[in-house]
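Undergrad: Pasting a structure here, questions to come.
The values are calculated or read from the model by the stated rules, or taken from the named source; none is laboratory data. Keep in mind that this is a model prediction, so the values were computed, not measured. Heads up, the Cβs are rebuilt from the backbone with ideal geometry, glycines too, and the neighbour counts pull from every protein chain shown. Accessible surface areas use protein heavy atoms only, side chains included; no ligands, DNA or RNA. Shrake-Rupley method; radii C 1.70, N 1.55, O 1.52, S 1.80 Å.
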Amino acid sequence: MRSPYVATAIALAVFAGAALETIRSRAEDGDRSAVLRQAIDDGPARNVILFIGDGMGDSEITAARNYEVGAAGRLAMDALPLTGAYTTYSVRETDPDLPDYVTDSAASGTGWATGHKTSNGRISTTAQTDSDLKTILEIARERSMRTGNVTTAELTDATPAVLAAHVASRTCQGPADMTACPQDKKSAGGKGSIAEQMLAHDIDVLMGGGAARFDQQTMEDGRSPIQEALARNYRVIGGAAGLPLAMPGRKLLGLFTTGNMTTEWSGLEALPYPSNVARPQVCKEDHRPAGEPSLAEMTAKAIELLDRPSGPGFFLQVEGASIDKEDHNANPCGQIGETVAFDRAIKIGMDFARAHRDTLLIVTADHGHTSQIVSMPTDLDHPTGVMSVLMTHDQAPMTIAYGTNAYHRFMDHTGTQVRIGAMGPQAANVVGITDQTDLFRLMLRAIDGRASQESSTR
Ligand SMILES: [Zn+2]
């Protein structure tokens, strides 16, 4: 049943919509056909901005919406005109013809970055045969596009890594972390660690955490990846105060923490019933230190540095990484705060895409995750996992349950399909049910400028 508060909010929204232009009010009365028709553009794209919400399944989006703007509210990403769902399964290392129904970020990232399925843990290499797979960022660079890779995790974590590295294991992040990838060591004729390969790609904008990986003094010539970055003429910055100094025309390496960046919000972890249930919690929204930029600030800076008035455009990946990490930790405030921060970064991208109609913008996740919105627990009926009750924007209690592992164990990903939404050229191809590997082909078609037969004869 709808609360009177929600019903009033909907009535107000409909009333406000009625005052707007015709095409808008047509959408408000429920028929979105004209809006959707207008959103379809089968032409090429000059710029591509890809937002990956790590572990941002439908329940993570819904929980963040309920908490931040209320059940009848809408997040920025909810305004994307064209949405669908895609499947995320990976394949098995021992038998690549068999699906592994629950993917990790490395295999799923390899899927959207290269168009090929691989096994969990691999970074843009094939299952079993360990061959390199060409990535969309490598293709963008061949087309003389500028490139950017931004994350709230370590820059060498799986999602940013799949765009610019080819290693057998996601653990091979820095030159001192190569135990699982002996064949990828430079001394063995390989391309080196993820940090080394990331720099070798001369990506114009790199921002995130993971400074410790780039500080390992163990490259074969005795230098660290940071020294290598300086030799490659990167401006290297270590705090938010350095962002205004970064100017177009010089490559940027921003390493804002030694490990993963700090979460935006904090709060109590989920606990077994009945702890945490009697008094709904309100999240603390001031957890990120001033020296670390927000994901929205990094996104705005990246676009400022990558955008140019003419010539080839840019490819930018922005990852909201710790939605996943806080879901693993069964920490609902951490998880929701990261989803809200990710949504703010998406809004920056959408504002740019609205002003630059030749920009393809995509928002999706790499896999589903554990958190579920469940009924208020009682002595008789409550989840067997851990749970937390939060007081939302609606001033209503919302229970989040985590049950894919035991109390104080690492909660697991899930194998569900996830949402993909888009705007701009080629965006209509996210509609319906696709697979994660189709996203690679969609982006390739957009930057290759191969418009469909229909549009070229129209
Ligand atoms: Zn994860």
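Undergrad: Using θ = phi - 60° and the Karplus curve 6.51 cos²θ - 1.76 cosθ + 1.60, what whole-Hz ³J(HN,Hα) does each residue of segment 274-285 get, with Gly and Pro shown as x?
TA: Taking θ as phi minus 60°, the curve returns x, 4, 6, 9, 5, 10, x, 8, 10, 6, 8, 9 Hz for segment 274-285.
Undergrad: While we're looking at this one, here's another question. If each DSSP helix of 4+ residues adds -39,500 (n - 2.57) and the sum is divided by the residues in the chain, what number results at 222 nm, nearest 500 deg cm²/dmol? Don't skip to the answer; put the middle values down first.
TA: Details: 15 runs with 144 residues, N = 458.
Taken over the chain, the calculation gives -9000 deg cm²/dmol.
Undergrad: Residues with beta-carbon under 15 Å from that of residue 164, excluding residue 164: net charge, scoring Lys, Arg +1 and Asp, Glu -1? Can you show the working numbers first?
TA: Working: positive: 122, 134, 141, 146, 170, 191, 213, 232, 251; negative: 132, 138, 142, 154, 157, 184, 196, 202, 204, 228, 319.
Residues close to residue 164 contribute a combined charge of -2.
Undergrad: Using the basic label-point model (7 angstrom from Cα toward the beta carbon), what is the residue 393 to residue 94 distance in nanometres?
TA: Placing both labels 7 Å along Cα→Cβ, they lie 4.8 nm apart.
Undergrad: Here's something else I'd like to know. Given contacts defined as C-alpha pairs under 8 Å and at least six residues apart, what's the relative contact order of segment 183-340, whole-number percent? Show your work: numbers first, answer last.
TA: Numbers: 223 pairs, mean separation 33.9, N = 158.
Value for segment 183-340: 21 percent.
Undergrad: Let me ask something else. Quick one: grab the alpha carbon gyration tensor of segment 120-176, order the square roots of its eigenvalues as a ≥ b ≥ c, and give me rounded if a/c is under 1.5, else prolate or oblate depending on whether a/b is larger than b/c. Could the numbers behind the result be given before it?
TA: Working: a/c = 2.37, a/b = 1.22, b/c = 1.94.
Oblate shape, in that a/c is at least 1.5 and b/c is the bigger or equal ratio.
Undergrad: Computed FRET efficiency, Cβ-Cβ of residue 227 and residue 38, R0 45 Å: what is it to the nearest 0.05?
TA: For residue 227 and residue 38, the calculated efficiency is 0.30.
Undergrad: Restricting to Cα pairs below 8 Å that are 6+ residues apart, what does the relative contact order work out to for segment 230-275? Please round to a whole percent.
TA: Numbers: 31 pairs, mean separation 15.8, N = 46.
Relative contact order for segment 230-275 comes out at 34 percent.
Undergrad: Sticking with this structure for a sec: Using DSSP H assignments, which helices in the chain have an axial alpha-carbon span of 20 Å or above and a mean Kyte-Doolittle hydropathy of 1.0 or higher? Write down the numbers at each step before the final one.
TA: Numbers: long enough: 4-18 (21 Å, 1.75); 332-355 (35 Å, 0.19).
Helix filter hits for the chain: 4-18.
Undergrad: Okay, next question. Counting just the Cα atoms, what span does segment 314-409 cover along each of its three principal axes? Round to the nearest Å and put the largest first.
TA: Taking the Cα atoms of segment 314-409, the three principal extents are 56, 30, 16 Å.
Undergrad: What are the extents of the Cα atoms of the chain along their three principal axes, listed from largest to smallest and rounded to whole Å?
TA: Here the Cα extents, ordered largest to smallest, are 68, 59, 49 Å.
Undergrad: Tell me the carbon and sulfur percent of the accessible area for segment 121-175, rounded to whole percent, probe radius 1.4 Å. It would help to have the intermediate numbers written out before the result.
TA: Numbers: 550 of 1330 Å².
Within segment 121-175, the accessible surface is 41 percent carbon and sulfur.
Undergrad: Assuming a strict under-27 Å limit between Cα atoms, what lysine pair count do you get for the chain once near-sequence pairs (fewer than 8 apart, same chain) are dropped?
TA: So the count of such lysine pairs works out to 20.
Undergrad: Turning to a different aspect of this structure: First select every other residue whose beta carbon is under 13 angstrom from the beta carbon of residue 385; then total the charges, Lys and Arg +1, Asp and Glu -1. Walk me through the numbers on the way to the answer.
TA: Numbers: positive: 409; negative: 269, 327, 412.
Once all neighbours under 13 Å are counted, the net charge is -2.
Undergrad: Here's a follow-up. Averaged per residue, what accessible surface does segment 79-170 expose to a 1.4 Å probe, in Å²?
TA: Values: 2760 Å² over 92 residues.
With the other protein chains kept in place, segment 79-170 gives 30 Å² per residue.
Undergrad: If the chain between residue 384 and residue 409 were fully stretched, how many nm would it gain, using 0.36 nm times the residue separation less the Cα-Cα distance?
TA: Values: separation 25, 0.36 × 25 = 9.00 nm, distance 1.39 nm.
Taking residue 384 through residue 409 to full extension adds about 7.6 nm, to one decimal.
Undergrad: Among the chymotrypsin sites (Phe, Trp or Tyr not before Pro) in segment 70-152, which ones are in a DSSP loop with at most 14 other Cβ atoms within 10 Å of the Cβ? Mind listing them? Please report the intermediate quantities before stating the final value.
TA: Numbers: sites: 86, 89, 101, 112; in loops: 89, 101.
The qualifying sites are 101.
Undergrad: Over the chain, what is the mean sequence separation of C-alpha contacts under 8 Å (at least six apart), divided by residue count, expressed as relative contact order in percent?
TA: Values: 1118 pairs, mean separation 121.0, N = 458.
In percent, rounded to a whole number, it is 26.
Undergrad: Sticking with this one: Amide H of residue 90 versus every other amide H placed in the peptide plane: which residues, excluding those fewer than 5 positions away on the same chain, fall under 5 Å?
TA: Here 100, 102, 103 satisfy the definition.
Undergrad: Sorted by mean Cβ packing within 10 Å, highest first, what order do the peptides 307-316, 413-422, 433-442, 157-166 take?
TA: Numbers: 307-316: 16.9, 413-422: 22.0, 433-442: 19.9, 157-166: 28.8.
Averaged packing, sorted descending, gives the order 157-166, 413-422, 433-442, 307-316.
Undergrad: Quickly rank 185-191, 208-214, 253-259, 337-343 as a protection proxy: mean count of other C-beta atoms within 10 Å, highest first. Let's see the in-between values first.
TA: Details: 185-191: 13.6, 208-214: 24.6, 253-259: 21.0, 337-343: 27.3.
Result, highest mean Cβ count within 10 Å first: 337-343, 208-214, 253-259, 185-191.
Undergrad: For a quick check: with amide H placed at 1.01 Å from N, whose amide H comes under 5 Å from residue 281's, ignoring anything fewer than 5 positions away on the same chain?
TA: Under 5 Å from the amide H of residue 281 lie the amide H atoms of 389, 390, 391, each far enough along the sequence or on another chain.
Undergrad: Subtracting the Cα-Cα distance from 0.36 nm times the residue separation, let me have the gained length for residue 202 to residue 217 in nm, one decimal. Mind showing how you got there, number by number?
TA: Details: separation 15, 0.36 × 15 = 5.40 nm, distance 2.03 nm.
Gain on extension, residue 202 to residue 217, equals 3.4 nm.
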